[in-house]
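Accompanying notes for the structure given below.
The values are calculated or read from the model by the stated rules, or taken from the named source; none is laboratory data. Not measured: the values here are computed from a predicted model. Here the Cβ positions follow ideal geometry from the backbone for every residue, glycine too, while neighbour counts run over all protein chains shown.
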Amino acid sequence: MPPRQLRETPGLFDGAEPDPARKNGHRDRMRQRLLEGGADGFHDYELLEYLLALAIPRQDVKPLAKELLAQFGDLPAVMAASPGELRRVKGVGESVAAALKFVEALSVRQLQRKALDKPLLSSFEAVTDYLHARLAHELTEEFRVLFLDNRNRLVRDEKFGEGTVNQAPAYPREIVKRAMELQASAVILVHNHPTTPFSIPLDHAQYR
């Protein structure tokens, strides 16, 4: 017989289910490992497998987790993929795509709050991590501006331009106008290079 093809319906895969006791036991053990020892002892596919199991709890999702990693290359790339890209992978439907995008949004929000809660110049690594999470997997160039107050804390992060694969427009007059509206004391100009993975030049632009 040909191998059974997986296809997701709302929250479920079609086809016969694996032994529930065996499946639940495996997930119980994974949960205990995480709670007792943290995530360091897990492979990427195991972390992804547990997340997928929350979206489609009645199916063995280890093969799907491995397929997603094979298709996109690594876990950050899976999380950064668009819903359309995710749904092109056999077995991924709306519930899986939504679960992955919710986790990505939580990660970005966490990094953003971490950047907002500390003086920017003394926690530049946190800001860089946030920008990588926000921009590293974008396919076109973005030009963003980080607005700082007089204590070098981040007031606002806004996108000022989106372009092609190798250029993005920037208009200094609009940046200065917006800085005055926010009563910002300084700005950091940010743009990404999609053709060079994880390349995000950061430029300081002080003004009074």
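Residues checked against (1) in a helix (DSSP H, G or I); (2) surrounded by fewer than 18 Cβ atoms within 10 Å (Cβ to Cβ); (3) touching a residue at least 24 places away in the same chain (Cβ under 8 Å):
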residue	(1), (2), (3)
LEU34	yes, yes, no
ALA39	no, yes, no
LEU48	yes, no, yes
LEU52	yes, no, yes
ARG58	no, yes, yes
LYS66	yes, yes, no
ALA77	yes, yes, yes
GLY84	yes, yes, no
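Might you let me know whether region 111-127 holds any residue that is surrounded by fewer than 15 Cβ atoms within 10 Å (Cβ to Cβ) and of a type in the set (A, V, I, L, M)? Yes: one or more hits. Is it the case, given these coordinates, that PRO169 is modelled with pLDDT under 85, under 26 Å from ALA77 (Cβ atoms) and either more than 20 Å from the chain's Cα centre (by Cα) or part of a loop (DSSP other than H, G, I, E, B) (or both)? So PRO169 does not fit the description; no.
Would you be able to say whether some residue in region 128-144 is of a type in the set (Ser, Thr, Tyr) and not assigned by TED's automatic domain parsing to the domain that holds ALA186? Working first, answer last.
Filtering region 128-144 down to residues of a type in the set (Ser, Thr, Tyr) leaves 128, 130, 140.
If we keep only those that are not assigned by TED's automatic domain parsing to the domain that holds ALA186 too, we end up with none.
Within region 128-144, none of the residues are of a type in the set (Ser, Thr, Tyr) and not assigned by TED's automatic domain parsing to the domain that holds ALA186.
Scanning region 50-88 for residues that are more than 21 Å from VAL108 (Cα to Cα) and acidic (Asp, Glu) yields ASP60, GLU67.
Taking the numbered list (1) assigned to a strand (DSSP E or B); (2) buried (at least 18 other Cβ atoms within 10 Å of the Cβ); (3) modelled with pLDDT under 85 in turn, ASP203 passes all entries but (2).
Among the numbered conditions (1) in the same structural domain as LEU48 (by TED's automatic domain parsing); (2) surrounded by fewer than 16 Cβ atoms within 10 Å (Cβ to Cβ); (3) in contact with a helix residue (DSSP H, G or I) (Cβ under 9 Å, 6 or more places away or on another chain), the only one that ALA70 does not meet is (3).
Can you find even one residue in region 156-164 that is surrounded by 17 or more Cβ atoms within 10 Å (Cβ to Cβ), at pLDDT 85 or above, within 29 Å of LEU48 (Cβ to Cβ) and not assigned by TED's automatic domain parsing to the domain that holds ASP28? Yes. Just to be sure, is VAL103 of a type in the set (Val, Ile, Thr), touching a residue at least 40 places away in the same chain (Cβ under 8 Å) and touching a helix residue (DSSP H, G or I) at 6+ places or on another chain (Cβ under 9 Å)? Considered against the rule, which asks whether it is of a type in the set (Val, Ile, Thr), touching a residue at least 40 places away in the same chain (Cβ under 8 Å) and touching a helix residue (DSSP H, G or I) at 6+ places or on another chain (Cβ under 9 Å), VAL103 comes out as yes.
For the condition hydrophobic (A, V, I, L, M, F, W, C) and either modelled with pLDDT under 90 or more than 18 Å from TYR45 (Cα to Cα) (or both), what is the one hit in LEU106, LEU69, LEU75?
Values: LEU69 fails: either modelled with pLDDT under 90 or more than 18 Å from TYR45 (Cα to Cα) (or both); LEU75 fails: either modelled with pLDDT under 90 or more than 18 Å from TYR45 (Cα to Cα) (or both).
Of LEU106, LEU69, LEU75, the one residue that is hydrophobic (A, V, I, L, M, F, W, C) and either modelled with pLDDT under 90 or more than 18 Å from TYR45 (Cα to Cα) (or both) is LEU106.
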